[in-house]
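J.: I have a structure here, written as structure tokens, and I will follow up with some questions on it.
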Amino acid sequence: MFDRPDIGDQAVLVCLDFGEADYQENAAECAELVKSAGVQLVGIVQGKRQRPDAALFAGKGKVEEIATLLAASEANVVIFNHALAPGQERNLERALQCRVIDRNSLILDIFAQRARSHEGKLQVELAQLSHMSTRLVRGWTHLERQKGGIGLRGPGETQLETDRRLLGLRVKALKQRLVQVQKQRQTQRQGRQRAGIAAVSIVGYTNAGKSTLFNALTKAGTYAADQLFATLDTTSRKLFLSDELSVVVSDTVGFIRDLPHTLVAAFTATLEETIQADLLLHVVDASSPLRDAQIEEVNKVLAEIGAEARPQLVVWNKCDLGALEPTVDRDEMGMPRSVRVSALTGAGLELLRAAIAECVQSSQHNYKDSYKHVAE
């Protein structure tokens, strides 16, 4: 069996072009993901294909090229900027004699490193186990046969079956604990609703500046850094917009293209803050050339979790990088549609606070009108 060191990983990154328009940008983003995971990148293998190879994903010739680069470097892991089927991952490990990680596993690993709260750790573990359940056969082929010999005779279960059963029990226990977390969050939301306090959730692509904006608005002092997925655990703080109006603002995990479905499912408890929010602050890195594609990816995840109908206020962040003045853009009804700010310098934050207050008051007014209509 090949060596599996826990630290000091050096990786070869594989990015194949299947005809995507934003291929180069996606490859650069994956390189940033590798660095965010604390892995040293020693080389990148690129190439064009019409479709993935059924057995090796990259094809025999490309796998030989990867093997050559592995032999010429100190790399001990190969990372694919793609989702691999369990069989493809297994075949690649046999051919390359080293660990092979796909994009989903990479993102899950970063989340595992960043989780700090008890809830966050539960959610990450559930996502990892759900992902692992399809890959249990890897590394266990020598245990497929039933155990035998003195002290090894069991109830007729193979080692692999035992592992699957124990994994299933752990997944069930994690889901039950997360149900309790959801109930606690629901109780907190109901308390806020009774008090008439609106909920505002900050969403956006990873590294768009959500935590920096959250800190600038609430003085919360949460961790913010120029890296992908710097924030994982949801933090909520009260924000006073005026003497009469306050809201609860929640900073949530960032989204990214092709976010693993197991991760979205596991983070249901956290993402419910977004689903139930009265207003979404959709933070966009205005300086990014990929901002339109990033907006689309965020809206795709919002639709996946059932939050696409929530009112949105777009926050064009990092306007200082383009020397742009803070402004408020309004729709045909005169309501704020977007605000241009710099969370880092504080430019435009007063405009944003006023826009949030306007949107929340309008939402509350509409809710009261509809409640009155139903009562009549």
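The values are calculated or read from the model by the stated rules, or taken from the named source; none is laboratory data. Please read these numbers as outputs of a predicted model, since none were measured by experiment. Reconstructed Cβ throughout: ideal geometry from the backbone, glycine too, with neighbour counts over all protein chains shown. Just the protein is used for accessible areas: all its heavy atoms, side chains included, with ligands, DNA and RNA removed. Shrake-Rupley method; radii C 1.70, N 1.55, O 1.52, S 1.80 Å.
J.: Using the heavy atoms of the protein chains alone and a 1.4 angstrom probe, what is the accessible area of the range 289-361 per residue in square angstrom?
T.: Accessible surface, normalised per residue, equals 54 Å².
J.: If you take the charge dipole of the range 1-142 about its Cα centre, with +1 on Lys and Arg Cβ and -1 on Asp and Glu Cβ, which of 11, 132, 108 is farthest toward its positive end?
T.: 132
J.: Further, regarding this structure: How big is D for the range 52-103, in µm² s⁻¹ as a whole number, if Stokes-Einstein is applied with the Kirkwood radius of its Cα pairs at 37 °C and 0.692 mPa s?
T.: The calculation lands on 302 µm²/s.
J.: By the gyration tensor of its Cα atoms, with a ≥ b ≥ c the square roots of the eigenvalues, what is the shape of the range 257-366: rounded for a/c under 1.5, prolate for a/b over b/c, or oblate?
T.: Here the range 257-366 falls in the oblate category.
J.: Next up: For residue 80, what residues show an amide H to amide H distance below 5 Å, using hydrogens built from the backbone and excluding near sequence neighbours?
T.: 14, 101, 102, 103
J.: Please state the shape class of the range 245-296: rounded when a/c is under 1.5, otherwise prolate if a/b exceeds b/c and oblate if not, all from the C-alpha gyration tensor.
T.: Verdict is oblate for the range 245-296.
J.: Next question. Which value, in Å² and to the nearest 10, is the accessible area of residue 301 when all protein chains are kept and the probe is 1.4 Å?
T.: 10
J.: Another question, if that's okay. Within the accessible area of the range 269-365, what % is carbon and sulfur when the probe is 1.4 Å and the other protein chains stay in place?
T.: The computed percentage sits at 51.
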